[in-house]
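*Asks:* Can you keep this structure in mind? I'll have questions shortly.
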Amino acid sequence: MDSSKAIGFSTDIKYLKGVGSKRAELYHKLGIDTVSALLHFYPREYEDWSRTVSIAEAPFDEKCCIKAIVGHDAAEYRIRKGMTLYKTSVTDGQSVMNITIFNNKYAAARLKTGEEFLFFGKVGGTFLRREMNSPLIAKAVSGEKIRPIYRQTEGISSTLTEKLMTQAVSCIKETMYDFLPEYIREKYELLPYGEALKKIHFPSSFEDVEKARKRLVFNELFTLQLGMIRLKGRNRQQTSCNIKKDYTDEFFSLLPFSPTGAQKRAVEDAVRDMFLSVPMSRLVQGDVGSGKTAVAAAVIYTAAKNSLQSSMMAPTEILARQHYKSLTDFFKGTDVKCGLLTGSMTKKEKDEVKAKLESGEIQVVVGTHALIQSNVKFKNLGLVITDEQHRFGVEQRSALAEKGKNPHTLVMSATPIPRTLALIIYGDLDISILDELPPGRQPVETYCVQGKLHKRVYNFIKKQLDEGRQAYAVCPLVEEGDTDLISAEEYAHKLSEGEFRDYTVGLIHGKMKPAQKDEVMEAFASGKIQLLVATTVIEVGVDVPNAAVMVIENAERFGLSQLHQLRGRIGRGKHKSTCILISDAQNPDTKERLKVMCQTCDGFKIADEDLRLRGPGDFFGSRQHGLPGLKLASTLTDTSFLAITRDAAQETWKWDPLLEKPEHSGIKKAVDALFKSAGENIFN
């Protein structure tokens, strides 16, 4: 590319000064291929170099910026092979501070006697002898500002991204097109788009950061909610699958237990929807053990009695088999026949089930992705149920629904989400919440201990195993550079060769093939494996009532809601269950999060607390397959902003449902682009 030509939003990132083809490949791994994509790669935090403190007033063990003059050139000390220290001292005219630099000859060489620099880092030492190790360093004349800090990967530092961002920001002109009409910007007091992009990367103050974030978060949530409204409206076509009679009471009379009030309300909501001439589109959201399968069974029963077939899709084969067994038990003694369809079945078994589905002999089929194959046909599919919907892609869910004529849709989720966020994440669905646990369900006792108590924890687990119970040991995923973490494979080997050499130890993790995972879970469910070492792959898994203990290593690495989901794997039987969180984290916020886990087993309270402590990042993004990714919403702390953007979206849609007015053309393109990134063609 001719370097004399100005760069633009669509310019390939490799043409930015300092990138080139090799570095461009590294940026591609971060999802950055153009200048526009770079501009939307937002800082994860900021370092405040704009406010300096004196050496004497610098707080201990907190990041701060100190302006000081170098007292002498850095002295070199070789302490061992491959490790060199450089030491100097600096002064602000009142006090002296020692500076130590590790293995960075270039940084040390910059520090010339008598020159003034900014040193950014944590101050240690004593009140009489201050020191700063491995500080970030900048010339005093150039560094007094708020600096953006970006996510890093191998070969790409935050500093490099910051340098490239100065080039990218130069593309933003005062006349830059803004897809939000002026009337919306004025009503909600939003910065122009270009100004917000500049200020999010290079703010003059933290007030700039907040104003920029407000505008950019508005972009994401506003376009997301417009798309969700569109999806909800598009799904409301006429259906011939409406029912004539409610058989709920008949089904409940078959049960050996009384359903909770929440279960009754959820079934009533679903059946009422199915009387209408438009398809039901409902989410049943309940905590682990709240009885979602019984709700699904009640709705399936009414559908079957109205001559409609039902299908239930689960994310794993073992979970599909579990649902199949539950439904078979529910419908024992009735004329509702169940079928199972999974990838591991023989061709003969599959063909038999498919033939019975097509003839109408089977009223309900449970399965995995095998259900969406083209040769699976139904006589009269009227109800489609997906369990843990976020585990499926958009295409998979729609492929199942297309096997009927606008069938009713019921989605089940055991991921407690605050209602404000549920309206966003499942914005195209009506919501029923199961907020009561069936009687007899025991809360799981939860404790948080430090790593030095491992021996006592292991002895406790062994005592449980000796009494016939089973246990989980959960490891976080090991990320590149996490040298302090032990991988699940290493951990399983260490336990099986050490403390638990007299017990059967199994291993399950996400990189195993589905068949391997199912095989391990089957062995655990049958009792062949006593202690199962696992990553979060068990977060949504099989019901093993005999599993009564879970230990979670490095518990601080998980979100609260994720910890709660993991804990939900135990306490499912008659035995008292215990969850032990192991963490040496000293951060006060982390300690508070883990304390919440020890205080309550209520998933919705935990979700609310997670939202308060961390913002909605744990609920948005990559965990929600089929939901467009949100880059900045994870930094949103004021949940009322969700309501503001929802109101704005609904108002815009009422005025212009297809976004056809000239002033809404940019909004339409933004909504379209956001949903295409998740594989959904929103305006088709």
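No lab work stands behind these numbers, since they all come straight from the coordinates. All of these numbers come straight from a predicted model, not from anything done at the bench. For neighbour counting, all protein chains shown are included, and Cβ atoms are generated from backbone atoms with ideal geometry for every residue, glycine included.
*Asks:* Among 95, 146, 594, flag the residue with its Cα farthest along the positive direction of the charge dipole of the chain, charges on Cβ as +1 for Lys/Arg and -1 for Asp/Glu.
*Replies:* Looking along the dipole axis, the top candidate is 594.
*Asks:* Also, I was wondering about something else. In segment 496-536, which trypsin sites (Lys or Arg not before Pro) are in a loop and have at most 16 other Cβ atoms within 10 Å, using DSSP for the loop call?
*Replies:* Loop-located and lightly packed - 501, 511, 528.
*Asks:* Determine, from the Cβ-Cβ distance of residue 337 and residue 661 and an R0 of 51 Å, the FRET efficiency 1/(1 + (r/R0)^6), rounded to the nearest 0.05. It would help to have the intermediate numbers written out before the result.
*Replies:* Values: r = 53 Å, r/R0 = 1.04.
With R0 = 51 Å, the Cβ-Cβ based efficiency is 0.45.
*Asks:* With r defined as the distance between the Cβ atoms of residue 361 and residue 493 and R0 fixed at 51 Å, what FRET efficiency is calculated, to the nearest 0.05?
*Replies:* Step by step, r from the Cβ atoms, then E = 0.55.
*Asks:* Something else now. Which FRET efficiency, nearest 0.05, do residue 254 and residue 516 yield, Cβ-Cβ r, R0 45 Å?
*Replies:* 0.75
*Asks:* If each of residue 133 and residue 587 carries a label point 7 Å out from its Cα toward its Cβ, how far apart are those two points in nm?
*Replies:* Going by the 7 Å Cα→Cβ label model, 1.9 nm.
*Asks:* If you work out semi-axes √(5λ) of the Cα gyration tensor in Å from the coordinates, which of (i) 66, 48, 25; (ii) 50, 35, 22; (iii) 46, 38, 28 do you get?
*Replies:* The calculated read-out lines up with (ii).
*Asks:* If you fit an axis through the alpha-carbon atoms of helix 317-330 and take the longest principal axis of the Cα set of the chain, what angle between them do you get, 0 to 90°, nearest 10?
*Replies:* 40 degrees
*Asks:* Within 10 Å of each candidate Cβ there may be at most 13 other Cβ atoms; applying that plus a DSSP loop requirement, which trypsin sites (Lys or Arg not before Pro) in segment 124-188 survive?
*Replies:* For trypsin sites (Lys or Arg not before Pro) across segment 124-188 that sit outside H, G, I, E and B with at most 13 neighbouring Cβ atoms in 10 Å, the list reads 129, 151, 173.
*Asks:* Cross-link candidates for residue 595: which aspartates and glutamates have Cα within less than 20 Å, leaving aside residues fewer than 8 places away along the same chain?
*Replies:* 287, 445, 553, 556, 584, 608, 609, 610, 618
*Asks:* In addition: Along Cα→Cβ, 7 Å out, is where each label goes; now give me the distance between the ones at residue 162 and residue 126 in nm to one decimal.
*Replies:* Output for this residue pair reads 3.4 nm.
*Asks:* By how many nm would the segment from residue 145 to residue 17 lengthen if fully extended, with 0.36 nm per residue of separation less the alpha-carbon distance?
*Replies:* Numbers: separation 128, 0.36 × 128 = 46.08 nm, distance 2.30 nm.
Residue separation times 0.36 nm, minus the Cα-Cα distance, leaves 43.8 nm.
*Asks:* While we're on this one: What number, rounded to the nearest 500 deg cm²/dmol, is the helix-based mean residue ellipticity at 222 nm of the chain, given -39500 (n - 2.57) per DSSP H run of at least four residues and division by all its residues?
*Replies:* After summing the helix terms and dividing by residue count, I get -11000 deg cm²/dmol.
*Asks:* Right, here's the next one. Where does the charge balance sit around residue 134 when Lys and Arg score +1, Asp and Glu -1, over other residues with C-beta under 13 Å from its C-beta?
*Replies:* +2
*Asks:* To continue, here is another question. Quick check: residue separation of residue 346 and residue 45 times 0.36 nm, minus the Cα distance between them. What number comes out in nm?
*Replies:* Residue separation times 0.36 nm, minus the Cα-Cα distance, leaves 103.0 nm.
*Asks:* Fully extended, how many nm does the chain gain between residue 89 and residue 53 (0.36 nm per residue separation, minus their Cα-Cα distance)?
*Replies:* 11.3 nm
*Asks:* Please compute the modelled spin-label separation between residue 210 and residue 455, points set 7 Å along Cα→Cβ, answer in nm with one decimal.
*Replies:* 5.2 nm
*Asks:* Relative to the longest principal Cα axis of the chain, at what angle does helix 665-676 sit, 0 to 90 degrees, rounded to 10?
*Replies:* Taking Cα atoms only, the helix is inclined about 70 degrees.
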